[in-house]
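The values are calculated or read from the model by the stated rules, or taken from the named source; none is laboratory data. Please read all numbers here as calculations on a predicted model, not as lab measurements. Note: ideal-geometry Cβ built from the backbone for every residue, glycine included; neighbour counts use all protein chains shown. Each accessible area value is taken on the protein alone, full model and side chains, heavy atoms only, with ligands, DNA and RNA left out. Shrake-Rupley method; radii C 1.70, N 1.55, O 1.52, S 1.80 Å.
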Amino acid sequence: MSLAQRDIFIKHIFSTVAPQIDSLTRGFSFGFDHLWRKQAVARSGIREGDRVLDVCAGTGELAMLLAQKVGATGSVTGADFCVEMLDLARKKCGMRRLNLSFILSDAKTLPFSDNTFDAVTVAFGMRNIPDTSLALKELKRVLKPGGIFVCLELTRPHVRWFRIIYEWYVFQIMPFIAKLVTKTAAPYLYLPRSINAYYPPDEFKSLITRCGYADVTVDSLTMGIATIYKAVNPVRE
């Protein structure tokens, strides 16, 4: 499958599952997804008044937390390439957050000038971008010098005994339940495969560095089920 074909496939996956994705994500993760997002925001270093871009924004869950963090003097732009997900994000947020907006955009070709944002965030989205390096470089382009990159991603557990239970759950139980709810198991057959196929934390850390970021840190959450990556767009002298 080419990169372009994979883009189309992934967009279709999210279009299909969009109406149920919030409830399924919250249920399948036992609510940990919300806690992980809160941890990502708390550890981000993002401050009141910052201008933040949240890519792969989905239904706006992380973007809404970020909007609270930056306050009325800051702004958050949520970008996603799936219309159905953005429609849900806009309905969910309504007029509650005047500092929050959403746009339809591919993370690899963002419609912003260089050095626009104080921070760029991604939650559970990097592994869904076929050309990771291209996306990382594009996110760095729109970051101001000294700006912060924060990525929250699903990863394979590093605790061996737990990994056995985890893989049974994500490969067997989740697709079975998803098919009952959505009439198709495809999105939740794709999910565990995408996690297993993606860079493990040490390799992703190296890739972030190779793409020009500095001060890359890696924080494992919940026995390695999720990982927070943080980096800085270095200031060039």
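If the cut-off is a Cα-Cα distance under 16 Å, which aspartates and glutamates reach Lys179, setting aside same-chain residues fewer than 8 apart in sequence?
Cα-Cα hits under 16 Å: Asp22.
Quick one: plug the Kirkwood hydrodynamic radius of the range 66-225 (C-alpha pairs) into Stokes-Einstein at 37 °C, 0.692 mPa s, and report D in µm²/s.
186
Just want the answer: with Cβ charges of +1 for Lys and Arg and -1 for Asp and Glu, which residue in Gly125, Ile225, Val170 is farthest toward the dipole's positive end in the chain?
Val170
Can you tell me the FRET efficiency between Ala186 and Ser101 if r is taken as the Cβ-Cβ distance and R0 is 30 Å, rounded to the nearest 0.05?
Using R0 = 30 Å, I get an efficiency of 0.45.
Scanning the chain for trypsin sites (Lys or Arg not before Pro) in DSSP loops with at most 16 other Cβ atoms within 10 Å, what's the longest stretch left with none? Write down the numbers at each step before the final one.
Details: sites that count: Arg47, Arg96, Lys183, Arg236.
In the chain, the maximal stretch lacking such sites is 97-182.
Can you tell me, using C-alpha contacts under 8 Å and at least 6 residues apart, the relative contact order of the range 39-121 as a whole percent?
Answer for the range 39-121 is 35 percent.
With angles folded into 0 to 90 degrees, how steeply does helix 32-44 sit against the dominant principal axis of the chain? Use alpha carbons for both and round to 10.
Orientation of helix 32-44: about 20 degrees from the principal axis.
Which shape class, rounded, prolate or oblate, goes with the range 155-201 when its Cα gyration tensor gives a ≥ b ≥ c as root eigenvalues, a/c under 1.5 marks rounded, and past that a/b bigger than b/c marks prolate?
Oblate.
Take the eigenvalues of the Cα gyration tensor for the range 29-145, scale each by 5, and report the square roots as semi-axes in whole Å, largest first. Show your work: numbers first, answer last.
Values: eigenvalues 73, 58, 44 Å².
Largest first, the range 29-145 gives 19, 17, 15 Å.
Is the range 139-237 best put as rounded, prolate or oblate by its Cα gyration tensor, with a ≥ b ≥ c the root eigenvalues, rounded for a/c under 1.5, and otherwise prolate when a/b is larger than b/c, oblate when not?
Note, shape of the range 139-237 comes out prolate.
When the chain is treated as a GNM, springs tying every alpha-carbon pair under 10 Å, which of Phe28, Phe117, Phe102 comes out with the largest mean-square fluctuation?
Phe28
Considering only DSSP beta bridges whose two residues both sit in the chain, what percent are antiparallel, to the nearest 5?
40
What angle do you read, to the nearest 10 degrees and between 0 and 90, between the alpha-carbon axis of helix 201-210 and the longest principal axis of the chain?
30
Which percent of the accessible area of the range 1-119 is formed by carbon and sulfur heavy atoms (probe 1.4 angstrom)?
Using a 1.4 Å probe with all protein chains present, the range 1-119 comes out at 57 percent carbon and sulfur.
I'd like the orientation of helix 61-70 relative to the chain: the angle between its Cα long axis and the longest Cα principal axis, in ° from 0 to 90, rounded to 10.
So the inclination is approximately 30 degrees.
Per residue, how large is the accessible surface of the range 93-230? Use a 1.4 angstrom probe and give square angstrom.
Using a 1.4 Å probe on heavy atoms only, each residue of the range 93-230 averages 47 Å².
If you take every residue apart from Asp106 with its C-beta less than 11 Å away from the C-beta of Asp106, what net charge results, scoring Lys and Arg +1 and Asp and Glu -1?
So the environment of Asp106 carries a net charge of -2.
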